[in-house]
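Heads up, the thing below is written out as structure tokens.
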Amino acid sequence: MMYKQELTPEDLLKIIFEYTAKIANERQLNAVLVHMADMGRELILSDRCTVWLIDETNHEIYTTVAHGVDEIRIPFGTGLVGNAISAGEPIIIEDAYSDPRHNADNDRRTGYHTKSIITVPFRNNDGEIIGAYQAINKLTEVDYFTSRDLELLSLAASYAGKSLESVMLHQEIIDTQREIIFTMGEIGEIRSKETGNHVKRVAEYSYVLALGLGLSVSQAELLRTASPMHDIGKVAIPDAVLNKPGKLTEEEYDLIKDHTKIGHQLLKGSKRELLRTASIVAEQHHEKWDGSGYPAGRKGEDIHIFGRITAVADVFDALSAERVYKEAWPLEKIEKLFREERGRHFDPRVVDVFFAELPKLLQIRKRLADEE
């Protein structure tokens with residue numbers, strides 16, 4: 001194998017500054033974990049670096065970011081990393097197979113040979129251990145980790161652990177907002193005899209379509225989180241109209257259409273980007289590309305892209321689902337409608353992405369199917 005040369009102080013500073021800047025500017029948890037793993041690997045010239053976190057609820061430690069492997073979960077306190085976290089002390093092993101704490105199951109499963117290991121716990125701002133770095137196999141001529149490596153990885157752990165806590169708290173806030181929005185969205189759907197899974201499916205469909213259109217991951221995620229509120233205005237529509245089994249009168253249909261304006265009014269005053277986005281979706285998801293929709297008769301690109309995407313996602317789910325008042329449409333009939341309505345009801349580009357991503361949408365539909 002080709003050995004690497006130990007890094008100069010200038011090289012080390014460059015790596016530290018590069019990754020601390022990346023971590024400081026990142027709000028997505030998984031991206032921070034990737035940066036942490038890459039920083040650890042480059043600082044101490046290891047073959048692989050894993051970032052482990054503690055799952056207090058399940059009494060486990062786990063990693064979703066590890067070079068060369070998928071997610072791993074092990075009982076709390078087991079393995080080298082579990083021992084390091086439990087003791088709150090780093091561990092350096094020159095030969096993993098001579099240490100009884102090393103679990104070789106992953107090596108046997110993957111064919112990878114672990115030799116040297118270094119494990120360093122990291123702490124949050126209150127000094128509590130929340131996870132650990134674990135690097136495997138030193139790539140220099142001295143093929144084991146040294147006290148210098150311990151100093152460098154401890155430095156990375158000290159910074160990254162505190163930054164990680166901030167991102168995890170941010171993620172917890174986002175998750176809480178998402179839960180509240182789903183719950184509020186379900187309230188609107190339940191009143192109109194829909195199911196909670198309707199808003200979940202529309203959210204997932206919208207995410208796939210947004211990415212297919214070339215929107216950024218952050219914009220697609222914003223839409224996925226906001227779209228469950230598209231029918232929140234139904235909370236103000238009388239039950240007698242909302243669930244009328246027969247044909248609606250013109251006045252009753254006007255009342256139904258008002259749910260778009262009501263939803264917009266409920267949400268538009270918020271300073272939060274998420275709720276402002278939800279207000280756009282609530283108002284514009286019944287607008288049509290040719291200008292024949294409601295509430296404002298917007299046309300073409302005057303309709304916000306989030307409204308155009310949600311329109312396709314909402315109609316696809318409405319046609320796919322069986323309800324007490326209708327049978328589910330067969331896929332061929334749904335496809336025919338979208339082809340006919342391309343450029344009339346729906347943005348042509350969104351329809352094209354709909355067909356391109358249809359296999360993914362069908363997987364979502366199956367995964368989130370309504371219970372019998």
Tell me the residue from Glu186, Glu179, Glu165, Glu151 that is of a type in the set (D, E, K, R), modelled with pLDDT of 80 or more and not assigned by TED's automatic domain parsing to the domain that holds Asp347, please.
Glu151
Testing Glu322 on (1) of a type in the set (D, E, K, R); (2) at pLDDT below 95; (3) farther than 25 Å from Lys234 by Cα, one condition comes back false. Which one is that?
(3)
Just to check your reading of the model, which residue among Ile303, Ile309, Ile256 is surrounded by 18 or more Cβ atoms within 10 Å (Cβ to Cβ), of a type outside the set (Asp, Glu), closer than 22 Å to Pro228 by Cα and modelled with pLDDT under 95?
Ile256
Between Lys360, Lys336, which is among the charged types (D, E, K, R), surrounded by 14 or more Cβ atoms within 10 Å (Cβ to Cβ) and either in contact with a strand residue (DSSP E or B) (Cβ under 7 Å, 6 or more places away or on another chain) or at pLDDT 95 or above (or both)?
Lys360
Tally, over the stretch 118-167, of residues that are touching a strand residue (DSSP E or B) at 6+ places or on another chain (Cβ under 8 Å), part of a helix (DSSP H, G or I) and farther than 26 Å from Ala104 by Cα
7
Are any of the residues in the stretch 16-24 assigned to a loop (DSSP other than H, G, I, E, B) and either of a type in the set (D, E, K, R) or under 22 Å from the mean Cα position of the chain (by Cα) (or both)?
no
Check every one of the helices (runs of 4 or more DSSP H) wholly within the stretch 307-372 and list those with 1 or more residues that are touching a Ser or Thr at 6+ places or on another chain (Cβ under 9 Å).
331-341, 358-367
Taking Ile54 and the conditions (1) in a loop (DSSP other than H, G, I, E, B); (2) under 22 Å from the mean Cα position of the chain (by Cα), which numbered condition does it fall short on, given that it satisfies the others?
(1)
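The values are calculated or read from the model by the stated rules, or taken from the named source; none is laboratory data. Note that the structure is predicted; figures quoted are calculated from it, not measured. Quick reminder, even Gly has a Cβ in these numbers, built from the backbone with ideal geometry, and neighbours come from all protein chains shown.
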